[in-house]
Structures are given as structure tokens and as C-alpha cells.
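What follows is a set of notes on a single structure, which appears directly below.
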Amino acid sequence: MRTQALVTESDAHAIGTFVDWPNGESLGSWHAVAPLGRGGTAEVWHAVSSDGREAALKLAKRELRRHPEANALIRHEHAVLSAVASPRLVEPYELIEHDGAAVLVLEYLPHGDLVPLLGAPPQQWLPAFRAVVCALVDLEHHGLAHGDVKARNVLFAADGSTRLTDLTSARPLDAPAAATTAAYSLPAQSGSSAREADCFALAALLFELAAGRLPYGQGGLSGNAAELARPVVPEAGSLLAAAAAALRARGRVQGLSYFSDALESARPFHG
């Protein structure tokens, strides 16, 4: 379907001025209380239920709320999350149809994303990166690639555990790669599969964590690619080298086992 052209990430740093709806309204058993993030297509709201439970409500922005493709993305994400049911993916609670819009009710993840840990000592971010690899393995077992792996899509739950979020770009492993965040993406003309694109994005994330910066800048390989960075923390050198090799191979490595092996080799040094 043509929904792939829509931008879907929710960026808490680009909230800007939100429209009033659904602020203060009840959607099913959930009461929307505050905006959490906004992307090109979707926005996310903090919500509470009458019994005090918390959730995140994801729905299309006002200008797209009657857009069939934008609503199809929300329904698609719910279907993927429900089918895979991985503890490493954000948990879906329910899908609500409200005033013509699809509203995905998700687990509330209050402790931010992976961005503050970029360039930190590996022992601070290795557990989260391992969880991302495991989440992708869980998706792969269902024949799916994530499609938009990046630091802002890795969030932390109330107990500190890691969740991979934003499944709107999920697609079959052998399908063409999605056009998503440029800094983590292969060029559109590369003809890469979704499986290869996930491996490339995962390598870019590992590189970013080890080096404290993106490997090719915000423009990615489609822009003026900068020289690959050096690690800011010396003990991250082996992980950075593994990431750089996968980037140079354009994600054409031995699948997710490549990253599992890299993490295993780092275990004696980083716990």
C-alpha cells in the first residue's frame, strides 16, 4: 500500500504547538492529558484511565486525521505489535476508533529515549542495544523487518527496561526498504531489502552509540557523507569497528547474528 510515503516517527523534541483535540477529552476509557511527541504524520499523548493507569495515545495529526493512509499506518502498527507480542517491543493495549480516527493505545514509557546515552561508556548502553537486537530477532521470527531503527525509537519503561517503538514502517523482510530517517537509511536507489536496511540502521545506531555522533551526519549516505568518526570512549573501539564494517557493507552482513556476535565479543570487557 502507499502508506510508506508518510513520515511517522514521534519526536518529543519537535512538539511545537499541538492542536487542542484530543487534549482533555476521553477516548474510550482513556483521558488525554498532555502531548508527548509529534512527527510528520502522527502525534502521541499521555493519557490516564479512571483507575489511574497510564498509556500513550498515538493518532494521526489533525490535518491528517481523515487521511485513509495515515489511519492505515496506525492500524498497521497495532496489527504488527499484537501479532509479534514481544516484551522488547512497546506493548499495545487496544485500538480505538474515535471520531473517524484510529487511536492506538500503547504502554507508557516515561524514562526517555536512547539519545542521552550516545557516546557514553558502553556498559551504560549495551543492555539497551542488546534489547534492540532481540526485538529485531523477534520481528524476524514473524517474517518482518522494523523499517525505522534509530535512537529516538528506543525508549525506556518505568522499570528501566528497553522497548523498540514505532512499528508503522514494519514490512516483510524481503520487501523493498522503507524510505524513513535519512541518517539511518540506505539510499532509495540502492535496491536494498527491508532486512538489509534494518542491519544498516542497526549498524548506524551502534556506531552512533560508540562514537557519540552519526556515521554520515543527518543527511546519511544520500547527502555529503562525512568520514566515519572515531570512538570517544576507547573501550568502544571493537564495537565501533564492527559497526563500521557493517556500514561499509551497506547492511549486507550475516543478518542479526552479526550484531549478536559483536556483542558477545564485547561481553568480557563490558559485562
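Can you tell me which of Leu104, Leu126, Leu136, Leu167 is surrounded by 24 or more Cβ atoms within 10 Å (Cβ to Cβ) and part of a helix (DSSP H, G or I)?
Numbers: Leu104 fails: part of a helix (DSSP H, G or I); Leu126 fails: surrounded by 24 or more Cβ atoms within 10 Å (Cβ to Cβ); Leu167 fails: part of a helix (DSSP H, G or I).
Every option except Leu136 fails the conditions.
For the range 178-210: of the residues being of a type in the set (S, T, N, Q) and within 16 Å of the chain's Cα centre (by Cα), which is farthest from Leu240 (Cα to Cα)?
Initial filter on the range 178-210 (of a type in the set (S, T, N, Q)): 180-181, 185, 189-190, 192-193.
Checking which are within 16 Å of the chain's Cα centre (by Cα) leaves us with 180-181, 185.
Values: Thr180: 23, Thr181: 21, Ser185: 18 Å.
For the range 178-210, the residue satisfying everything is Thr180.
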- Note on the structure: Those residues of the range 13-59 which are modelled with pLDDT of 90 or more, within 16 Å of Glu94 (Cα to Cα) and either in contact with a Lys or Arg (Cβ under 6 Å, 6 or more places away or on another chain) or of a type in the set (A, V, I, L, M) (or both) amount to Ala32, Val44, Ala47, Val48, Ala55, Ala56, Leu57, Leu59
- Mind counting the residues in the range 78-101 that are buried (at least 20 other Cβ atoms within 10 Å of the Cβ), under 17 Å from Gly28 (Cβ atoms) and either modelled with pLDDT of 95 or more or touching a Pro at 6+ places or on another chain (Cβ under 7 Å) (or both)? 3
- Query: If you scan the range 139-153, which residues turn out to be part of a helix (DSSP H, G or I), over 11 Å from the mean Cα position of the chain (by Cα) and without any contact (Cβ under 8 Å) to a residue 60 or more places away in the chain?
  - Reply: Leu139
- Message: What's the total number of residues in the range 178-196 that are in a helix (DSSP H, G or I) and in contact with a strand residue (DSSP E or B) (Cβ under 7 Å, 6 or more places away or on another chain)?
- Response: 2
- Provide a single number: the residues in the range 55-68 that are more than 17 Å from the chain's Cα centre (by Cα), of a type in the set (D, E, K, R) and crowded, with 16+ Cβ neighbours inside 10 Å. 2
- Taking the range 89-122 on its own, how many of its residues are among the charged types (D, E, K, R) and over 15 Å from the mean Cα position of the chain (by Cα)? 3
- Query: Does Leu205 qualify as being buried (at least 21 other Cβ atoms within 10 Å of the Cβ), farther than 22 Å from Tyr93 by Cα, assigned by TED's automatic domain parsing to the domain that holds Arg248 and modelled with pLDDT of 90 or more?
  - Reply: yes
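The values are calculated or read from the model by the stated rules, or taken from the named source; none is laboratory data. What you see is a predicted model, and the numbers here were worked out from it, not measured in a lab. No Cβ is skipped: glycine too gets one built from the backbone with ideal geometry, and neighbour counts run over all protein chains shown.
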